[in-house]
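See structure below.
The values are calculated or read from the model by the stated rules, or taken from the named source; none is laboratory data. Fair warning: this is a prediction, and the values are worked out from it, not measured in the lab. Here the Cβ positions follow ideal geometry from the backbone for every residue, glycine too, while neighbour counts run over all protein chains shown.
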Amino acid sequence: MKNIAVIGAGTMGNGIAHVFAMNGYQVALVDLNQQALDKALVTIGKNLDRMINKEKISEADKSNTLGNIQTYTDMAAGVKTADLVVEAATENPDIKKSIFKTLDQHSPSSAILATNTSSISITQIAAVTQRPEKVIGMHFMNPVPVMKLVEVIRGYATSDEVTRIIMDLSKGIGKVPVEVNDYPGFVANRILMPMINEAIITLFEGVAGVEEIDTVMKLGMAHPMGPLQLADFIGLDVCLSILNVLYEGFGNPKYAPCPLLVNMVTAGKLGRKSGEGFYDYSGGGKELVVAKSFL
């Protein structure tokens, strides 16, 4: 396996491309938007510079990594020689199914098709292809170059051989893969999102403020960041989307998104990426300031 195509040049896509390219793979980074591709290459370059400053890699390593990445705005051209395709587009079932139909048509019949989805059914995505046994989940964590975990999610039809290949491949790029089965939220988000939602409910009901809730979880539970800060980092729209997948998938009211979360997303307060969520990031986010009084 030498050629990797990554679909989507956003935060997750450029991170996935970075990791594969740094490990010697030829990477085709595909996005419909040329500006997104240009921005992704700048981001990868800056992240490599940080690694140079920390003496983790050399200038030659940076040059080789960037040299291993080619960009495409034409999906068919980008995947035509791929051994593995990793889709990292918007967390929307219809968009992902449409992409996988196209991937199935234009990528080699031997290619494995993976999705970086954090919650959407692998089985549903695989069903739109003619190769469901070759469709699998590779859920990387953000930021991809730093975080070790990859959730490897088997769809109903995913073969043992494809699962073994992806588990071995993940280890080969310095990750720690964990094999899980295809149920809403998998493992990471099935556990994480109810905790974040409960933190928002705790705020919504006036039990405590933003800083107080995050401080309890950081100092009391040894979490590196509090759940409300983490929600901002993930994106409140992404949190809402995943909670809706859990709620619809299980039909259990315990997964129902908090009305405060729904209102904030509706108002465009999406967290760090929009400049405001539970915290205000207008100053660059170096100093956390609670965005407003929620009590």
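Residues in segment 26-58 that are over 20 Å from the mean Cα position of the chain (by Cα) and under 21 Å from Met147 (Cβ atoms): Asp49, Arg50, Met51, Ile52, Asn53, Lys54, Glu55, Lys56, Ile57.
Per the conditions (1) surrounded by fewer than 18 Cβ atoms within 10 Å (Cβ to Cβ); (2) farther than 24 Å from Ile120 by Cα, the sole criterion not satisfied by Asn252 is (2).
Where helices (runs of 4 or more DSSP H) fall wholly inside segment 169-263, the ranges with 1 or more residues that are outside the structural domain of Val19 (by TED's automatic domain parsing), closer than 30 Å to Ala17 by Cα and acidic (Asp, Glu) are 227-234, 236-250. Take the conditions (1) at pLDDT 95 or above; (2) under 12 Å from the mean Cα position of the chain (by Cα); Leu103 misses just one of them, which is (2).
Kindly indicate whether any position in segment 154-166 is without any contact (Cβ under 8 Å) to a residue 12 or more places away in the chain and of a type in the set (Phe, Trp, Tyr). No.
Provide a single number: the residues in segment 237-261 that are within 21 Å of Thr202 (Cβ to Cβ) and over 21 Å from the mean Cα position of the chain (by Cα).
Step one: of segment 237-261, the residues within 21 Å of Thr202 (Cβ to Cβ) are 237-240, 242-244, 246-247, 252-261.
Those left that are additionally over 21 Å from the mean Cα position of the chain (by Cα): 252-254, 256, 258-260.
Residues in segment 237-261 being within 21 Å of Thr202 (Cβ to Cβ) and over 21 Å from the mean Cα position of the chain (by Cα): 7 in total.
Filtered by the rule that a residue be in contact (Cβ under 8 Å) with a residue 60 or more places away in the chain and touching a Lys or Arg at 6+ places or on another chain (Cβ under 9 Å), segment 114-137 gives Ser119, Ile120, Ile122.
Which one of these is touching a His at 6+ places or on another chain (Cβ under 7 Å), buried (at least 23 other Cβ atoms within 10 Å of the Cβ) and either not charged (D, E, K, R) or not in a helix (DSSP H, G or I) (or both): Ile4, Ile44, Ile16? Talk me through it step by step, then tell me what you get.
Details: Ile4 fails: touching a His at 6+ places or on another chain (Cβ under 7 Å); Ile16 fails: touching a His at 6+ places or on another chain (Cβ under 7 Å).
None of the others qualify; the one that does is Ile44.
Across segment 264-284, the qualifying residues are those that are in contact with an Asp or Glu (Cβ under 9 Å, 6 or more places away or on another chain) and in a loop (DSSP other than H, G, I, E, B), and the one among them that is surrounded by the most Cβ atoms within 10 Å (Cβ to Cβ) is Phe278.
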